[in-house]
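The values are calculated or read from the model by the stated rules, or taken from the named source; none is laboratory data. What you see is a predicted model, and the numbers here were worked out from it, not measured in a lab. Only protein heavy atoms, including side chains, enter the accessible area calculation; ligands, DNA and RNA are left aside. Shrake-Rupley method; radii C 1.70, N 1.55, O 1.52, S 1.80 Å.
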Amino acid sequence: MDTQAFVAPAIQDREALEEFADILTDRAPEVERDVAQLLKNPADQKITADLFRSIHNIKGDASLCKFALGVTIAHLIESVMGRFRGGEIVFTELLGELILLTVDRLELATEDLLHGKPLDNLRLPELLTGLEQIAQASPEQVDTLSAELIEVVTGFPSVLADIPVRVPQDNRHSHSGETKSSAADLQFFRSLALQLESRSPLFKGRTMRILRLALETNKAAGSPVNPQQLEAAVYLHDVGMMFLPESVWLKVGKMTDHDKQLLRSHPGLAAGLLLRIPGWEGAAEMVAQHHEMPDGAGYPQELASDAICAGAKILSIVDAFESVMLKHIHRGKNRSVLRAIAEINACDKQFAPEWIAPFNVVIRKTIET
């Protein structure tokens with residue numbers, strides 16, 4: 001297989017690819033559901049048939065939309081599933097995780113193509129080659145090859161622990177030079193963040209998870225960002241959402257252009273609050289810039305990499321990581337730290353590379369303990 005041909009595939013029909021992207025958004029949760037059920041009942045022939053059909057439908061959709069990459073990926077999954085359906089191999093957790101990761105990669109590839117982004121960071125050649133090997137491997141090799149392929153594609157091993165939500169005690173409210181006034185401010189900021197969390201059960205624990213990741217990522221890089229300012233930025237970076245209609249920022253379905261325009265105002269609203277409280281100018285800058293991207297494709301000012309402050313770059317990564325986790329939960333997916341990390345690392349143009357490395361160090365320590 002000439003896998004290099006899939007690194008930068010040409011879009012034959014943009015409208016058809018957009019249609020495939022919409023269809024895949026609906027199909028992917030079906031695959032997730034079927035994999036979860038099959039792991040609980042591996043002998044259930046109906047569930048096996050349902051999963052096989054879900055993958056086959058993705059292949060058919062890709063073919064109708066003239067999307068060769070989608071056809072190839074789905075065909076390889078189908079080949080592996082065909083071996084399980086025929087009784088040649090066992091459906092294990094590793095194999096299930098690999099199938100889910102592959103579907104995630106297909107979703108990312110489709111999105112990136114539609115936005116004119118390169119696919120080289122998705123490790124598609126390695127993924128396709130690995131799937132082809134698994135489709136032909138002996139039953140005894142399938143789990144080993146699956147684990148190796150997961151690590152090659154994501155950079156992380158497949159054995160994961162959940163991310164704890166507690167914040168290290170040496171980081172919270174113990175920063176050098178912190179005054180009683182600033183401590184009171186932080187307590188107030190935290191109360192606002194918790195008010196935001198209360199608007200949706202999906203947000204529960206979100207603030208402290210993001211805070212832990214942000215502070216530890218900063219620490220892993222030698223603490224170049226003031227931890228106190230970073231903590232304030234974590235608390236308030238999304239508080240501006242509360243000034244917008246809930247029908248917009250809690251929307252489940254596809255957003256309209258008007259919705260997106262409204263959402264783009266939330267960093268400025270929260271930053272404006274911070275600027276009106278003396279001593280939080282650094283946090284205000286982080287909040288204002290946390291949706292900017294190194295390639296200038298972010299908002300609200302379309303700043304390029306050098307113009308974005310370091311704290312905003314940290315916040316951008318950890319906030320996106322949490323958003324990916326939330327997306328998986330909403331779609332009925334189990335919390336998969338692996339796939340969330342993989343997605344963040346695949347979006348190399350969206351995040352500052354100098355901060356992805358320390359972020360990976362923090363995550364790696366988490367999953368290896």
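How large is ³J(HN,Hα) for each residue in the range 206-212, as worked out from phi by the Karplus curve 6.51 cos²θ - 1.76 cosθ + 1.60 (θ = phi - 60°), to whole Hz, x for Gly and Pro?
These are the phi-based 3J(HN,Hα) values: 4, 4, 6, 5, 5, 4, 4 Hz.
In a Debye calculation with equal point scatterers on the alpha-carbon sites of the chain and no solvent, what is log10 I(q)/I(0) at q = 0.08, 0.10, 0.12, 0.15 Å⁻¹?
-0.44, -0.67, -0.94, -1.34
At a 1.4 Å probe radius, carbon and sulfur cover how many percent of the accessible area of the chain?
C and S atoms contribute 53 percent here.
For Phe351, enumerate residues with amide H under 5 Å from its amide H, sequence gap 5+ or separate chain, H modeled in the peptide plane.
Those lying under 5 Å, H to H, from Phe351: there are none.
Students often get this wrong, so check it: of Lys59/Lys254; Lys46/Lys204; Lys46/Lys117, which have C-alpha atoms separated by over 30 Å?
Too far apart for the 30 Å limit: Lys46/Lys204; Lys46/Lys117.
Consider just the alpha-carbon atoms of the range 21-70 and return their Rg together with their Dmax, both in angstrom.
Spelled out, the Cα radius of gyration and Dmax of the range 21-70 are 11.8, 35 Å.
Would you mind pulling out the separation of the Cα centroids of the range 336-360 and the range 188-264, in Å?
So the separation of the two Cα centres works out to 18 Å.
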